[in-house]
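The values are calculated or read from the model by the stated rules, or taken from the named source; none is laboratory data. Since we're looking at a predicted model, the values are computed, not measured. No Cβ is skipped: glycine too gets one built from the backbone with ideal geometry, and neighbour counts run over all protein chains shown.
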Amino acid sequence: MDITELILVDHDRQRRGFALSDEAQGAKADNETVQAIWDGLAVLLDAHADAEEKFFYPRLLDLGKEGDDETEDAIGDHNDIRDAVRAAGTHRAGSQVWWSCVADARTANSDHMGEEERGALADIRRGAPLALRRQLGLEFAAYEASRAGGQHIDRSDKDPDIYIEDHG
Ligand SMILES: [Fe+2]
Ligand SMILES: [Fe+2]
């Protein structure tokens, strides 16, 4: 599968994960349920950003028309998402401050997905042949699958300019 399609599938799973947390909040689900839903979503958010930084953005820098600008925005957004996920991890699931961290993660992620879909994904579809996008899709999917349990994910924030220098 084309990497841009896999990224769209992940984005849909992320939107649904936040929707599920609305359901849990509305149903006044116990903290264990709320925590379990969030833990799955948090791993998905972090693994997705890491996999994009490993397999997608380096190619966009090579082949995209606006690769540098799109990558700079994306790395900054990924940092915001990681920061909100990390902040949620420091509070008790279900508490007010915890819900506020979840809301921050959702806002950062929602803004980012829209921008990524309009910019970076469209750009690489125009600039990279399907065979390459499919090859990248395999690498992206294998990497994410190997991190589905939450282990070995790079959750570190990156300086966008240094990332571009290292991968451009
Ligand atoms: Fe994404
Ligand atoms: Fe992204």
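Summary table
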quantity: Residue in the range 124-136 that is within 15 Å of ligand 1 (Cβ to nearest atom), within 21 Å of LEU8 (Cβ to Cβ) and under 15 Å from the mean Cα position of the chain (by Cα) present; calculated: no
quantity: Pair list, Cβ < 6 Å and 6+ apart or interchain, from the range 39-51 residues that are under 15 Å from PHE18 (Cβ atoms) to residues that are within 11 Å of ligand 1 (Cβ to nearest atom); calculated: LEU45/ILE81; HIS48/ASP10
quantity: Output for the range 110-132, where each listed residue is more than 16 Å from ligand 2 (Cβ to nearest atom) and part of a helix (DSSP H, G or I); calculated: ARG126, GLY127, LEU130, ALA131, LEU132
quantity: Residue count, the range 84-109 (criterion: part of a helix (DSSP H, G or I) and either among the basic types (Lys, Arg) or surrounded by 15 or more Cβ atoms within 10 Å (Cβ to Cβ) (or both)); calculated: 14
quantity: Condition broken by VAL102, with the remaining ones in (1) within 15 Å of ligand 1 (Cβ to nearest atom); (2) out of contact with any Lys or Arg (no Cβ under 8 Å at 6 or more places or on another chain) satisfied; calculated: (1)
quantity: Filter pass, ARG15 being basic (Lys, Arg) and surrounded by 15 or more Cβ atoms within 10 Å (Cβ to Cβ); calculated: no
quantity: GLU53 being part of a helix (DSSP H, G or I) and surrounded by 23 or more Cβ atoms within 10 Å (Cβ to Cβ); calculated: no
quantity: Test: residue in the range 73-84 that is within 14 Å of the chain's Cα centre (by Cα), more than 16 Å from ligand 1 (Cβ to nearest atom) and among the charged types (D, E, K, R); calculated: yes
quantity: Meets criteria (of a type in the set (A, V, I, L, M), surrounded by fewer than 20 Cβ atoms within 10 Å (Cβ to Cβ) and either at pLDDT 95 or above or outside any helix (DSSP H, G or I) (or both)) for ILE164; calculated: yes
